[in-house]
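Report on the following structure.
The values are calculated or read from the model by the stated rules, or taken from the named source; none is laboratory data. Since the model is a prediction, treat every value here as computed from it, not as a measurement. Every residue, glycine among them, receives a Cβ derived from its backbone with ideal geometry; neighbour counts consider all protein chains shown. Side chains included, ligands, DNA and RNA excluded: accessible areas come from the protein's heavy atoms. Shrake-Rupley method; radii C 1.70, N 1.55, O 1.52, S 1.80 Å.
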Amino acid sequence: MKALVKFAHEDGALEVRDLPDPVAGPGTVLVRVHTVGVCGSDIHMWHDSQSASSKGVLPVTLGHESAGVVAAIGPDVTGWSIGDRVVCETAASICGVCALCRSGRYNLCPWREGYGLKRDGAMAEYVVAEPRVLHRIPEGVSYEAAATTEPYAVAYNAVVERAGVKPGQLVVVQGAGAIGVNALQIALLAGAGTTVVLGTDVDEHRLERATGLGAHHVVNVQREDAGALLATLHDGLGADLVVDATGVSAALQQSMELVRPGGAIAKVGWGPQPLGFTLDPLVKKAVTLYGCYSHTWTTWESVLRLFASGRLHPEAIIGGAYPIEEWETAFGAMQRGDNVKSVLRMPFGLETEGAGKTGRAGEAGRAREGAR
Ligand SMILES: [Zn+2]
Ligand SMILES: [Zn+2]
């Protein structure tokens, strides 16, 4: 099978390789991948600019935002059938017995091994999965939409499970990439009174997209002063919650400026860069700083229910669908900010998509045209 493999810790050391088809061993199923999303973390892996704790093992097949169909079932698996439409959580392997696993917080298991990092991921024709990570794709939800469950789960975890946004609050989202735009949508669903999305010059299209998705204000921080805008919103004291979805460590300084006394910062974006500023504003304002990492079973089910009920519109963030051979185009379009989210269409996806063979047609192509 074809797979997109990172083979060295160097910028650009990524290529499509022919690998043997994996087999469903005891206690696992084989998922035939239809569509897989490109994550900001995949782009870091491409450039080898990921955080030190995300170095992983090499070679490794990238991809942790997949949707597909159960293609084979290994021994000792019950409850699943060939043909079931599924998405896979990212925690390919956990220990299952540590205090965190046993208390349902397996996203924090010290022995967790994620797809596309320590375990071969889903930018391949097939991926092996333990039934523990499978969720059924609800009827009426496309594979393409389902492939975005993971980035929505990240946003849901940060905004709802960690920070607990309340109706009427002022929420600032730093970063207009997929996680930022998803955090905006979740904050709106949670009842945020006013939402502000911050971006830079590279985010021009993405800020437009955020406006289309209901952001009350968008700010290009290279041209406008976010603090001045916040002084005019609500009581002028700042944001109840700032969501940092940037992947730039220094964004924390701006978070501390924009958050109100007694407010909270949810830090989702990674950033390996060391910092050179004081954290005193956290103390002076008595700010709660949440680190937000990954998600669990209930997060995924919640997001899938929101897709099924039509209250989240994942198609709106997908800028283009590309065959695996065009991965560099897909990654580049996200890096440049042309696409909020690119997805790769695997051979199964191309077969069933018909007109999708060019990589641009089908649902994603329509979403792209409709949104511009
Ligand atoms: Zn992701
Ligand atoms: Zn564990």
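See the values below:
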read-out: The stretch 230-305: chymotrypsin sites (Phe, Trp or Tyr not before Pro) in DSSP loop, at most 11 other beta carbons within 10 Å; value: Phe277
read-out: Candidates Val219, Val173, Val77, ranked by Gaussian network fluctuation over the chain, Cα under 10 Å, top entry; value: Val77
read-out: Among Val133, Val283, Val259: highest mean-square fluctuation, GNM of the chain, C-alpha pairs under 10 Å; value: Val283
read-out: Too-long pairs where the Cα-Cα distance tops 27 Å, listed order kept, from Lys284/Lys341; Lys267/Lys341; Lys166/Lys267; Lys2/Lys341; Lys118/Lys341; Lys285/Lys341; value: Lys284/Lys341; Lys285/Lys341
read-out: Expected 222 nm ellipticity per residue - DSSP helices of 4 or more, -39500 (n - 2.57), all of the chain, to 500; value: -7000 deg cm²/dmol
read-out: Global geometry of the stretch 161-291, whether rounded, prolate or oblate, following the gyration tensor of its Cα atoms and the 1.5 cut on a/c; value: rounded
read-out: Gap separating the Cα centres of the stretch 1-34 and the stretch 264-303, nearest whole Å; value: 32 Å
read-out: Candidates Arg260, Arg105, Arg136: whichever shows maximal mean-square fluctuation once the chain is modelled as a Gaussian network with Cα springs under 10 Å; value: Arg105
read-out: Protection proxy ranking, peptides 36-43, 106-113, average beta carbon neighbours within 10 Å, highest first; value: 36-43, 106-113
read-out: The stretch 1-155, relative contact order in percent, only Cα pairs under 8 angstrom and at least six apart counted; value: 30 percent
read-out: Separation between Cα centres of the stretch 120-151 and the stretch 176-255, rounded to whole Å; value: 29 Å
read-out: Protein-only accessible surface order, largest first, of Lys166, Lys341, Lys118, Lys285 at 1.4 Å; value: Lys166, Lys118, Lys285, Lys341
